[in-house]
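Before I ask anything, here is the structure I am working with.
The values are calculated or read from the model by the stated rules, or taken from the named source; none is laboratory data. A quick note: this is a predicted structure, and the numbers were derived from the prediction, not measured. As a convention, Cβ positions derive from the backbone with ideal geometry for all residues, glycine included, and neighbour counts pool all protein chains shown. Protein only, heavy atoms only, side chains kept; ligands, DNA and RNA dropped before computing areas. Shrake-Rupley method; radii C 1.70, N 1.55, O 1.52, S 1.80 Å.
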Amino acid sequence: MRRAGGFAFIALLLLAFLLGLLVTRLSSSPPSPTRVSDRPRDLDHTAEAIKQVRQELASAYYREVPESVLLEPSINEILRELEDPYTDYLTPSEYAALKTRTARSYSGVGLTVSPSKHGLLVTSTFGGPAREAGIRRGDVIVRIQGRPAEALSFEQSLSLITGEKGTLVRLTVKRERQETIRFALVRQEIDAPSLRSHVVKMRGVRHGYVRLHTFRAGTAERLERAVRRMVRGGAKGVIVDLRDNPGGLISQAIGSVSLFVDEAVVCTTSGLHQNRRVFRTSGESRFPGVPLVILVNAGSASSAEIVAAALKEHGRAVIVGRRTFGKASVQSIRPLANGGALKLTTATYRTPNGRDLAERGVRPSVRANDDPRTRADEALARAQQTLFSLIRA
């Protein structure tokens, strides 16, 4: 079975502006506080934009903000004092690129990446210029358009890689046991897949495999169609692979849990300016008796953790893999007067049993680790063995 992985290169905001609930991107290691790049981002911080940031933090931030923080002279200094890696300022160009990546297709090179110490780790490639040029899983992008990737925030890096169709982007890649390799790629219109699925036969028994890259708009409906198609094709159980899934829309997480669990709590959210809210599944489940295994790792975060925790705590699925990232906060995007945007934490969430996943994550019932140095996917093999036992039982 082909391994699938990758930190979603596609941003997850298509309906977040309407819902006001967005769970944002994460890396597979704890993020550092908001970084200031080598370019002067303060230049586009107009007085009106700074005033808006102060107002949003005072009226919507999930916890109280000290007056001394709000009085800092620039947006960067305000956010630095918050020490919240999930609350960030997006410049007008970064915000524009982010909105572009919310579409079902976008103009780019066809990569999924995750932050790494020296730049961007390529976790997968799909049809597009990057794969055609020879960029592959495990490569580390160390320079983008001549700029060192390690000095850029994740959003800045993505905004430099994506761009107008037909334009050129230059990437420098470090590959294990090789010198750096330079690529000049022409951006193309890229179809942005959020789900891939197929049926596998193991020991004479068919089972379904679904890889969920993100929880963007429509994911729950696509998951339902995929599972239904595989069950009709003879699948006796299903593996849902959430490895390196950074999350997305909380509505899609709830819809996904609803496919497998009858009327029940999925999670609760609360914040300083929000009343406690309980999110429940929507009616009867579509697949109440299908054996289910959820595959996770340290890159599974936010909505992916909501799904894994709910299915585990309701006894509906066996969790296989490594402990998840441990992000338990909800973000919203607020456009600013200067064309940029503020991404701010507005609430925190808890599991159905009231657990706070912050820095704890979801612990698997069956531990399994994929060795990136081998061609085999050891974690997936363990998930298949676990599912096989559930089916036989």
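For Rg and Dmax of the Cα atoms in Å, pick the label among [x] 20.2, 60; [y] 57.4, 199; [z] 20.8, 67 that corresponds to the value derived from the coordinates.
Matching the structure shown: [z].
I'd like the orientation of helix 47-60 relative to the chain: the angle between its Cα long axis and the longest Cα principal axis, in ° from 0 to 90, rounded to 10.
40
Counting only protein heavy atoms and using a 1.4 Å probe, what share of the accessible area of the chain belongs to carbon plus sulfur, as a whole percent?
With neighbouring chains kept in place, the figure for the chain is 48 percent.
Further, regarding this structure: How much FRET efficiency would the formula 1/(1 + (r/R0)^6) give for ARG232 and ARG280, where r is the Cβ-Cβ distance and R0 is 30 Å, rounded to 0.05? If you can, show how the numbers build up before the last one.
Working: r = 28 Å, r/R0 = 0.94.
After rounding, the FRET efficiency stands at 0.60.
Would you kindly state how much longer the chain becomes between ASN369 and LEU272 on full extension, computed as 0.36 nm times their sequence separation minus their alpha carbon distance, in nm to one decimal? Please report the intermediate quantities before stating the final value.
Numbers: separation 97, 0.36 × 97 = 34.92 nm, distance 3.83 nm.
Length gained, ASN369 through LEU272: 31.1 nm.
Given only helices, namely DSSP H runs of n ≥ 4 each adding -39500 (n - 2.57), what is the per-residue ellipticity at 222 nm of the chain, to the nearest 500 deg cm²/dmol? List each step's numbers first, then the result.
Details: 11 runs with 101 residues, N = 393.
So the calculated ellipticity at 222 nm is -7500 deg cm²/dmol.
State in Å² the accessible area per residue of the stretch 254-372; use a 1.4 Å probe, count heavy atoms of protein chains only, and round to the nearest integer. It would help to have the intermediate numbers written out before the result.
Working: 4390 Å² over 119 residues.
Each residue of the stretch 254-372 exposes 37 Å² on average to a 1.4 Å probe.
Using a 1.4 angstrom probe and counting only protein chains, how large is the accessible area of VAL142 in Å², to 10?
About 30 Å², rounded to the nearest 10.
Within a Cβ distance under 10 Å of ALA328, other residues only, what is the Lys/Arg minus Asp/Glu net charge?
On the way: positive: LYS327, ARG350, ARG355, ARG360; negative: GLU305, ASP356, GLU359.
After counting each charged neighbour, the total is +1.
Moving to a separate point now. For the pairs LYS99/LYS343; LYS51/LYS327; LYS236/LYS327; LYS51/LYS343; LYS174/LYS327, note any where the Cα-Cα span goes beyond 23 Å. Let's see the in-between values first.
On the way: LYS99/LYS343 13 Å; LYS51/LYS327 29 Å; LYS236/LYS327 33 Å; LYS51/LYS343 15 Å; LYS174/LYS327 30 Å.
Correct reply: LYS51/LYS327; LYS236/LYS327; LYS174/LYS327.
Compute the signed sum of charges (Lys and Arg +1, Asp and Glu -1) over the other residues within less than 10 Å, Cβ to Cβ, of SER270. If you can, show how the numbers build up before the last one.
Details: positive: ARG276, ARG277, ARG350; negative: none.
Around SER270, the charge tally is +3.
Would you mind computing, in nm to one decimal, how far apart the modelled labels at VAL186 and HIS198 are, each placed 7 Å from Cα along Cα→Cβ?
3.0
Here's another thing I want to ask about it. How do the peptides 279-290, 309-320 rank, highest first, by the average count of neighbouring beta carbon atoms within 10 Å per residue? Working shown, then result.
Details: 279-290: 14.8, 309-320: 21.9.
Going by the mean number of other Cβ atoms within 10 Å, highest first, we get 309-320, 279-290.
What is the helix-to-structure angle for 219-232, meaning the angle in degrees between its Cα long axis and the longest Cα principal axis of the chain, kept from 0 to 90 and rounded to the nearest 10?
20
Could I ask something else about it? Quick one: net charge of ASP139's neighbours, Cβ under 11 Å, K/R +1, D/E -1?
Summing Lys/Arg as +1 and Asp/Glu as -1 gives +3.
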